[in-house]
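Written below as structure tokens is the structure these notes are about.
The values are calculated or read from the model by the stated rules, or taken from the named source; none is laboratory data. Fair warning: this is a prediction, and the values are worked out from it, not measured in the lab. Heads up, the Cβs are rebuilt from the backbone with ideal geometry, glycines too, and the neighbour counts pull from every protein chain shown.
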Amino acid sequence: MAPLSEICVIGGGMSGLATALAMAKYLSSRDEPVNVTVYELRDEPTTPGGAVNLMPNALRNLDKLGVYSHLKQNKCGVEIDRIELFSNYSGPDQLASMDFVDKDGNPLGSFRGLRVMRSDLMEAMLNAISASTYANVTLNILYGKKLVRIEEPASNPKEGDKGVKVSFEDGTTIEADLVLGCDGIHSKTRMNHVEPERVPVYTGISTAQGYVDRKAVPSDLHFKGTCLNMSRRGSLLATFYEPTHESIYMASVMEAKETLSRDGWKTKGADQDAVREDILDRFGDSAFPCVREMISASNSWFLFPVYKLPPGGKWCTERVMLLGDAAHAMPPQGESIGIAIEDAILFTRTLAKYRSFPLSKAFKVYKELRRDRIHEQYQEASRRWETVRDCGYLVNKLKEAIMPWWIWWSNESRVKTFMSDAESVIIP
Ligand SMILES: Cc1cc2nc3c(=O)[nH]c(=O)nc-3n(C[C@H](O)[C@H](O)[C@H](O)COP(=O)(O)OP(=O)(O)OC[C@H]3O[C@@H](n4cnc5c(N)ncnc54)[C@H](O)[C@@H]3O)c2cc1C
């Protein structure tokens with residue numbers, strides 16, 4: 001491989017930060033020093049969105065990258081033993097549950113699930129970057145850097161030539177030996193360079209995310225940590241997300257034909273009332289009084305249209321690789337952050353293993369390792385996403401009847417995923 005001294009990571013979200021941490025850990029044994037710089041378009045570390053679910057495998061991989069200890073130290077989020085699934089109409093018993101613990105209540109492979117604010121996760125990742133002390137790898141993050149163009153020579157660069165030229169909106173340019181596009185579903189790395197034809201498509205389903213003060217809900221809650229209430233017009237997630245349990249986070253996942261903004265928008269004033277009314281209309285006839293109370297007392301609704309990428313596609317050129325949502329954004333099923341972290345670890349381990357070969361070798365091995373797994377997860381996420389579409393009484397009854405069987409049938413493969421560890425995957 002030509003010397004790999006400058007690595008440019010576009011995007012400082014979950015995938016970009018995980019990639020920087022993985023580079024520090026797995027490239028540190030190299031003789032030559034490596035500079036890894038993350039270029040993020042936002043002016044400071046911020047991330048939109050509310051509380052995210054991290055599966056046991058996501059936590060295990062975050063632990064390998066030194067992030068989990070920072071989440072623990074800052075007492076972030078709440079541990080979740082299971083996601084409880086209910087019919088909105090026929091309480092009080094659960095239809096089924098997706099468990100992160102075994103039948104004796106022990107965590108699967110030492111990690112439960114964690115529901116945590118996305119901003120807390122980002123802070124823990126940044127703390128891990130600050131604390132990183134691996135030899136030979138320097139990590140930098142630059143904010144206010146919006147990628148606009150990538151220029152890559154058609155063939156291998158000449159001696160002394162870095163290979164890829166990256167231009168930012170502020171007029172600056174840099175050169176790098178390797179560029180990693182970690183810039184999310186609407187990735188400029190992909191759309192301006194790797195595969196302009198593969199554009200995100202709206203799934204026809206949006207989320208509305210809001211919060212409610214626990215004290216504003218007089219009735220008993222029917223769930224312990226996190227629940228999903230299935231109705232004929234979508235699903236309503238309700239969950240605790242901070243250790244005091246003073247606030248509940250809700251996300252309504254619902255069919256919505258039109259979308260006004262690609263990036264989501266915070267509702268204000270009359271809009272806020274209209275969104276609350278719409279969600280009440282969808283879930284307010286619940287068998288659980290607390291559902292109506294939670295929605296009625298809720299505030300700060302944030303609407304987010306959900307896009308996905310067409311499956312498959314091109315992930316790389318000669319010196320540019322896409323990771324995370326930029327490569328394979330799928331409908332969110334509480335697993336995609338874990339998948340992005342897995343990408344970061346597996347790609348970097350492959351790069352480390354094939355460091356004395358041309359870059360194309362590491363790219364090829366990584367793609368062969370990852371394609372089938374990503375395809376499987378994409379298909380599964382898309383299937384589950386479709387189940388929230390509006391349906392009639394009979395179809396809903398059928399869905400409720402099938403749900404426990406589906407949870408039972410898919411348990412083995414879920415447990416296998418929860419127990420997985422990107423550090424012990426054999427790189428061929
Ligand atoms: C409504 C919703 C709920 C979700 N809930 C969950 C959940 O509970 N659990 C879970 O695991 N996953 C969840 N996901 C999926 C998860 O959010 C994504 O898979 C994950 O954020 C992907 O990380 P990423 O770093 O690849 O992309 P992103 O998080 O999108 O980060 C991309 C980064 O690149 C930056 N960037 C973009 N363009 C440029 C540019 N031109 N130049 C420089 N920087 C740029 C952005 O500012 C951003 O910081 C959810 C997704 C949605 C839509």
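Please find, within the stretch 250-262, the residue that is modelled with the highest pLDDT out of those that are within 14 Å of the ligand (Cβ to nearest atom) and over 28 Å from VAL78 (Cβ atoms). Only one residue fits best here, namely ALA256. The residues of the stretch 165-197 that are within 19 Å of ALA20 (Cα to Cα), more than 10 Å from the ligand (Cβ to nearest atom) and of a type in the set (Val, Ile, Thr), listed by number, are ILE174, VAL179. Of everything in the stretch 198-220 that is outside any strand (DSSP E or B) and either under 20 Å from the mean Cα position of the chain (by Cα) or within 14 Å of the ligand (Cβ to nearest atom) (or both), the residue that is surrounded by the fewest Cβ atoms within 10 Å (Cβ to Cβ) is VAL199. One residue alone among PHE100, PHE111 is under 30 Å from TRP408 (Cα atoms), surrounded by 21 or more Cβ atoms within 10 Å (Cβ to Cβ) and out of contact with any strand residue (DSSP E or B) (no Cβ under 7 Å at 6 or more places or on another chain), and that residue is PHE111. One residue stands out in the stretch 101-119 among those that are among the polar types (S, T, N, Q) and over 30 Å from THR46 (Cβ atoms): the one that is farthest from the ligand (Cβ to nearest atom), namely ASN106.
The residue that is nearest to the chain's Cα centre (by Cα), among those in the stretch 132-155 that are within 18 Å of SER5 (Cα to Cα) and assigned to a strand (DSSP E or B), is ILE141. Picking from GLU380, GLU342, GLU376, GLU368, which residue would you name as being of a type in the set (Asp, Glu), part of a helix (DSSP H, G or I) and more than 19 Å from the chain's Cα centre (by Cα)? That would be GLU368, the only listed residue that is of a type in the set (Asp, Glu), part of a helix (DSSP H, G or I) and more than 19 Å from the chain's Cα centre (by Cα).
Would you confirm whether or not the stretch 372-379 contains a residue that is of a type in the set (Lys, Arg) and surrounded by 14 or more Cβ atoms within 10 Å (Cβ to Cβ)? Steps first, answer last, please.
Of the stretch 372-379, the ones of a type in the set (Lys, Arg) are 373.
Then drop every residue that is not surrounded by 14 or more Cβ atoms within 10 Å (Cβ to Cβ), which leaves 373.
Yes: one or more hits.
Within the stretch 332-371, the set of residues being surrounded by 22 or more Cβ atoms within 10 Å (Cβ to Cβ), farther than 22 Å from PRO56 by Cα and of a type in the set (S, T, N, Q) comprises just one member, THR350.
Among the residues of the stretch 304-317, the ones that are surrounded by 21 or more Cβ atoms within 10 Å (Cβ to Cβ) and part of a loop (DSSP other than H, G, I, E, B) come to 2 in all. The residues of the stretch 25-53 that are over 17 Å from the mean Cα position of the chain (by Cα), buried (at least 24 other Cβ atoms within 10 Å of the Cβ) and among the aliphatic types (A, V, I, L, M), listed by number, are VAL36, VAL38.
Go through the stretch 385-405 and report how many residues are in a helix (DSSP H, G or I) and surrounded by fewer than 15 Cβ atoms within 10 Å (Cβ to Cβ). Full working, then the answer.
Going residue by residue through the stretch 385-405, those that are in a helix (DSSP H, G or I) are 385-386, 393-405.
If we keep only those that are surrounded by fewer than 15 Cβ atoms within 10 Å (Cβ to Cβ) as well, we get 386, 393-395, 398, 401-402, 404-405.
Going through the stretch 385-405 one residue at a time, the tally reaches 9.
Selection of the stretch 1-31 for residues being away from the ligand (no atom under 11 Å from the Cβ) and not small (Gly, Ala, Ser) yields MET1, PRO3, LEU4, GLU6, ILE7, LEU21, MET23, LYS25, TYR26, LEU27, ARG30, ASP31. For the stretch 54-65, the count of residues that are more than 13 Å from the ligand (Cβ to nearest atom), farther than 22 Å from LYS364 by Cα, buried (at least 20 other Cβ atoms within 10 Å of the Cβ) and under 18 Å from the mean Cα position of the chain (by Cα) is at least one. Taking (1) charged (D, E, K, R); (2) more than 14 Å from the ligand (Cβ to nearest atom); (3) at pLDDT 95 or above; (4) assigned to a loop (DSSP other than H, G, I, E, B) in turn, LYS224 satisfies each apart from (3).
Each row is one residue, and each column tells you yes or no for (1) surrounded by 18 or more Cβ atoms within 10 Å (Cβ to Cβ); (2) part of a helix (DSSP H, G or I); (3) within 16 Å of the ligand (Cβ to nearest atom); (4) at pLDDT 95 or above.
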site	(1), (2), (3), (4)
HIS245	no, no, no, yes
ILE248	yes, no, yes, yes
ASP285	no, no, no, no
PHE302	yes, no, yes, no
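Does the stretch 318-331 contain any residue that is crowded, with 23+ Cβ neighbours inside 10 Å, within 12 Å of the ligand (Cβ to nearest atom) and more than 13 Å from the chain's Cα centre (by Cα)? Within the stretch 318-331, one or more residues are crowded, with 23+ Cβ neighbours inside 10 Å, within 12 Å of the ligand (Cβ to nearest atom) and more than 13 Å from the chain's Cα centre (by Cα). For first residues located in the stretch 172-200 and over 19 Å from PRO331 (Cα atoms), partners that are among the aromatic types (Phe, Trp, Tyr) and lie 6+ apart or on another chain with Cβ distances below 7 Å do not occur. Going by what's in this entry, would ARG355 be described as away from the ligand (no atom under 16 Å from the Cβ), in contact (Cβ under 8 Å) with a residue 12 or more places away in the chain and not in a helix (DSSP H, G or I)? Yes; evaluated as a whole, the condition is true for this residue.
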